[in-house]
1. Is it the case that ASN107 is surrounded by fewer than 16 Cβ atoms within 10 Å (Cβ to Cβ) and in contact (Cβ under 8 Å) with a residue 60 or more places away in the chain?
2. List the residue pairs whose Cβ atoms are under 9 Å apart, where the first residue sits in segment 166-187 and is on the phi > 0 side of the Ramachandran plot, the second is surrounded by fewer than 15 Cβ atoms within 10 Å (Cβ to Cβ) and aliphatic (A, V, I, L, M), and the two are 6 or more positions apart or on different chains.
3. Kindly provide the set of residues from segment 50-60 that are more than 17 Å from ASP141 (Cα to Cα) and surrounded by fewer than 15 Cβ atoms within 10 Å (Cβ to Cβ), ordered by number.
4. Which of the residues belonging to segment 27-60 are farther than 18 Å from ASP123 by Cβ, out of contact with any Leu (no Cβ under 8 Å at 6 or more places or on another chain) and either among the basic types (Lys, Arg) or outside any helix (DSSP H, G or I) (or both)?
5. Has segment 125-141 got any residue that is in a loop (DSSP other than H, G, I, E, B), under 29 Å from ALA57 (Cβ atoms) and within 16 Å of the chain's Cα centre (by Cα)?
6. Return the pair list, or none, for Cβ contacts closer than 8 Å from residues in segment 16-37 that are on the phi > 0 side of the Ramachandran plot to residues that are modelled with pLDDT of 95 or more and in a strand (DSSP E or B), at least 6 apart or on different chains.
7. I'm told GLY18 meets every condition in (1) assigned to a strand (DSSP E or B); (2) within 30 Å of PRO176 (Cα to Cα) except one. Can you identify the failing condition by its number?
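The values are calculated or read from the model by the stated rules, or taken from the named source; none is laboratory data. What you see is a predicted model; the values in this text were computed from it and never measured. Note that we place each Cβ from the backbone using ideal geometry, even for glycine, and neighbour counts take in every protein chain shown.
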Amino acid sequence: MSEMVMHLVAGVDEAGRGPLAGPVLAAAVILDPARPIAGLNDSKKLSQKRRQELDLAIRARSLHWALGRAEAAEIDRLNILQASLLAMRRAVASLGVVPGLALVDGNQDPRLSCPVRTIVGGDGLEPAIAAASILAKVARDRELLALDAVYPGYGFARHKGYPTKIHLQALAELGPTPEHRRSFGPVRRLLKPEE
């Protein structure tokens, strides 16, 4: 494990807690104070085009960044909260350095290898958390676009796995894919007892 670097602060956030399909993705970002990135904000408050522009800037100008994930099967086994915290731990562990502090969006401590400060609404308050929210959201959206090609008919490219009317209708007609979260009510109700 790398030595803890006291002055490095990582922002940590996740994307994909609410969808019925696909992984939950987390990102950890250590911004470079010498190379500030204008316009960082909660990913949900940005247009898709702006998120993609900022995603490129964050990857190019941060000191360190990494992604972590938990798959649908892990979400089903652990529950979505624990899987989200696992994805955060994996993201921070992949940074290559141990930050002196992690600022984590929300009120749950993911038990990292460094001190943690949780901040409710942190993706709108702390630039490093905002950067993490953007990386996680853009990466997850790309994955769901790829899933759309593997599982045509579900509309993953449009709804990104969220329980929209189109998605629920496709689920009812086509049944769940291996990427669907079987512990989530709308999916669970469609399963036969042996599944």
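1. No, not satisfied.
2. Between residues of segment 166-187 that are on the phi > 0 side of the Ramachandran plot and residues that are surrounded by fewer than 15 Cβ atoms within 10 Å (Cβ to Cβ) and aliphatic (A, V, I, L, M), the close pairs are GLY175/LEU191.
3. Across segment 50-60, the qualifying residue is only ALA60.
4. Answer for segment 27-60, where residues must be farther than 18 Å from ASP123 by Cβ, out of contact with any Leu (no Cβ under 8 Å at 6 or more places or on another chain) and either among the basic types (Lys, Arg) or outside any helix (DSSP H, G or I) (or both): PRO33, ALA34, ARG35, LYS49.
5. Taking every residue of segment 125-141 in turn, none turns out to be in a loop (DSSP other than H, G, I, E, B), under 29 Å from ALA57 (Cβ atoms) and within 16 Å of the chain's Cα centre (by Cα).
6. GLY16/VAL24; GLY16/LEU25
7. (1)
Residue by residue, here is whether (1) in contact with a helix residue (DSSP H, G or I) (Cβ under 7 Å, 6 or more places away or on another chain); (2) among the acidic types (Asp, Glu) holds:
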| site | (1), (2) |
| --- | --- |
| LEU144 | yes, no |
| ASP148 | yes, yes |
| PRO152 | no, no |
| HIS159 | yes, no |
